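Reading through the structure tokens given below for one structure.
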Amino acid sequence: MITKNQLNRIKNLKRLLFWSAWKRVFLFITEPSHDKLFERFKKINKNTYLKKPEPWLTFTAIDFIKERLKKGLRILEWGSGSSSLWFDQNGCFVTAIEHNEDWANIVKGMKSDNVNVFVKKEKSDYVKPAINFSTINIFLIDGIYRNECASYLVELIKSSEILSESMIIFDDTSRLEYQESVQSLTKCCQEVYHFTGISNIVIDKMTSVFIT
């Protein structure tokens with residue numbers, strides 16, 4: 001006798017036989033703009049993608065950010081990785097706050113003199129590192145405690161302790177748990193951009209950019 005689970009599997013299998021399903025797969029594979037996605041499959045190994053670094057943001061967000069990068073800009077990242085090295089390759093000075101010591105050591109092993117990675121395991125030290133926030137041009141929220149980091153930036157913006165026209169990059173802003181933070185940043189920033197689409201092996205995500 002066929003069980004309920006087996007029936008569900010058969011129904012799912014039938015869907016694969018529909019032409020519309022295969023058509024979507026074909027269109028996805030042949031879409032020229034997805035070439036970057038397939039290139040990313042080659043970078044999944046951490047030792048590989050750190051040698052050819054690029055932020056794991058949406059591709060459209062990366063293009064937007066790169067157009068605005070200038071040598072000498074100062075970056076603060078919550079969460080270190082290939083983005084740290086990418087900013088460095090574009091002539092920026094990077095301070096990265098990391099909670100995972102093992103990962104921080106890997107990034108440190110790839111770094112140049114323009115990238116400083118600090119391990120902060122305590123929440124308060126992670127969110128509010130002892131640096132001069134008024135000298136930072138670009139903030140990247142892409143680690144843990146993202147809501148807390150966003151909330152702290154909102155405080156600094158309201159008290160005019162952040163440079164005008166500085167950039168705040170907030171990744172994965174389509175997630176429900178970040179919506180309140182997105183709204184708070186939107187209210188206190190001059191410009192807001194949301195970039196949806198492909199990033200590395202993620203087919204659909206959102207990266208948001210705020211200009212103070």
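The table below lists the values:
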quantity	calculated
Residue order, fewest to most beta carbons within 10 Å, for Trp86, Trp103	Trp103, Trp86
Within the stretch 142-183, backbone nitrogen closer than 20 Å to the virtual label 7 Å beyond the Cα of Ser134 toward Cβ	152-168
Neighbour-count order for Val209, Val119, Val192, fewest beta carbons within 10 angstrom listed first	Val192, Val119, Val209
Sequence-distant residues sharing a close amide H with Met206 (under 5 Å, placed H)	Asp172, Thr173, Ser174
The stretch 171-187 - phi-based ³J(HN,Hα) in whole Hz, Karplus 6.51/-1.76/1.60, Gly and Pro as x	8, 6, 6, 7, 5, 4, 5, 9, 5, 5, 5, 4, 5, 5, 5, 4, 5
Stretchable slack from Asp63 to Asn147, in nm (0.36 nm times residue separation minus alpha-carbon distance)	27.7 nm
Loop GluC sites (Glu not before Pro), the stretch 126-205 (other Cβ atoms within 10 Å of the site Cβ: 15 or fewer; DSSP)	Glu161, Glu165
Part-to-part distance (alpha-carbon centres) for the stretch 116-144 and the stretch 148-199, which is given in Å	15 Å
Restricting the stretch 71-120 to trypsin sites (Lys or Arg not before Pro) in coil, as DSSP defines it, with at most 15 other Cβ within 10 Å	Lys71
For a label point 7 Å along the Cα-to-beta-carbon line of Glu165, residues of the stretch 178-212 with backbone N under 17 Å	189-192, 210-212
Residues Met206, Met167, sorted so that the one with the fewest Cβ neighbours within 10 Å comes first	Met206, Met167
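No lab work stands behind these numbers, since they all come straight from the coordinates. What you see is a predicted model; the values in this text were computed from it and never measured. Don't worry about glycine lacking a Cβ; one is built from the backbone with ideal geometry, like all the others, and counts go over all protein chains shown.
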